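First the structure, in the form of structure tokens, and then the observations on it.
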Amino acid sequence: MRTIGKAEVQKDVKSSDPDRLQKLGDYFASVNRYEKAESCYQKAIEIDPENPLVYVGLADIALVRGDRERAERYLDNALELDPECSAAYAQMAKLARKTGNYPLAFDAYLRCLKLDTDNLNALLGLFQVSCQMGSFAKVTFYLEQYLNSHPDDTSVMFCLGALYKKDNRLLSAQQILNSLLKLDPGNQDAKNLLEEIEHNIFQKLS
């Protein structure tokens, strides 16, 4: 995210444009300045109470503060305004993970990705929840879809290589990890996983 200058911040804080205020709130939240973020979101609501992304931002702040009930209410507001708000589903998944409700987190991440296939945070969140649940069938599809449009994303390549190994698709795992190491030769985790996979391939052939 680009750095916002002091003059630009002051101008935007006084803005009467709810979209600018919402984006400024997102910026403050991203640098952990939650009181300023909340102030921007509240000003945005006063001008336009029907922007679902403002409520998603407020839900994130509530979750940071440990107020899960308020976070849930804000997300309900967001989804009432826009039932296809991908950001709301991503935040819902984050909330569900905090409470240990992994099936709900899994479903929320899936709904987010159906609406926004480029959401890397949701994609990696889905992978992590799948590891906790031991359920990987749907994750592979979304990882492959993401790599179709982002072929150089080494973090997703590594996740996909690990899933191929788990599915016993050893040659596919070997291929994608070799591609990863061409992009990132110093990736020790990928080297270790590739060594393990090639050992398994050798055992199957011998």
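The values are calculated or read from the model by the stated rules, or taken from the named source; none is laboratory data. All of these numbers come straight from a predicted model, not from anything done at the bench. Note that we place each Cβ from the backbone using ideal geometry, even for glycine, and neighbour counts take in every protein chain shown.
Going residue by residue through the stretch 11-23, is there one that turns out to be assigned to a helix (DSSP H, G or I), within 25 Å of the chain's Cα centre (by Cα), more than 20 Å from residue 86 (Cβ to Cβ) and at pLDDT 60 or above? If you could, list the steps in order and put the result at the bottom.
Start the filter on the stretch 11-23 by keeping residues that are assigned to a helix (DSSP H, G or I), which leaves 11-13, 18-23.
Filter again for within 25 Å of the chain's Cα centre (by Cα), leaving 18-23.
Of the ones still in play, those that are also more than 20 Å from residue 86 (Cβ to Cβ) are 20-21.
Pick out the ones that are also at pLDDT 60 or above and you get 20-21.
There is at least one residue in the stretch 11-23 that is assigned to a helix (DSSP H, G or I), within 25 Å of the chain's Cα centre (by Cα), more than 20 Å from residue 86 (Cβ to Cβ) and at pLDDT 60 or above.
So which helices (runs of 4 or more DSSP H) stay within the stretch 92-197 end to end and still have 2 or more residues that are at pLDDT 95 or above?
Numbers: elements: 102-115, 120-133, 137-149, 154-166, 170-183.
The qualifying helices (runs of 4 or more DSSP H) are 102-115, 154-166, 170-183.
Yes or no, residue by residue, for (1) in contact (Cβ under 8 Å) with a residue 24 or more places away in the chain; (2) surrounded by 15 or more Cβ atoms within 10 Å (Cβ to Cβ):
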{"residue": "153", "(1), (2)": "yes, yes"}
{"residue": "159", "(1), (2)": "yes, yes"}
{"residue": "173", "(1), (2)": "yes, yes"}
{"residue": "176", "(1), (2)": "no, yes"}
{"residue": "183", "(1), (2)": "yes, no"}
{"residue": "188", "(1), (2)": "no, no"}
{"residue": "192", "(1), (2)": "no, no"}
{"residue": "201", "(1), (2)": "yes, no"}
{"residue": "204", "(1), (2)": "yes, no"}
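Across the stretch 93-115, the qualifying residues are those that are of a type in the set (Phe, Trp, Tyr) and under 17 Å from residue 143 (Cα atoms), and the one among them that is surrounded by the most Cβ atoms within 10 Å (Cβ to Cβ) is 109.
Every condition in (1) outside any loop (DSSP other than H, G, I, E, B); (2) under 19 Å from residue 23 (Cα atoms) holds for residue 49 except the one numbered (1).
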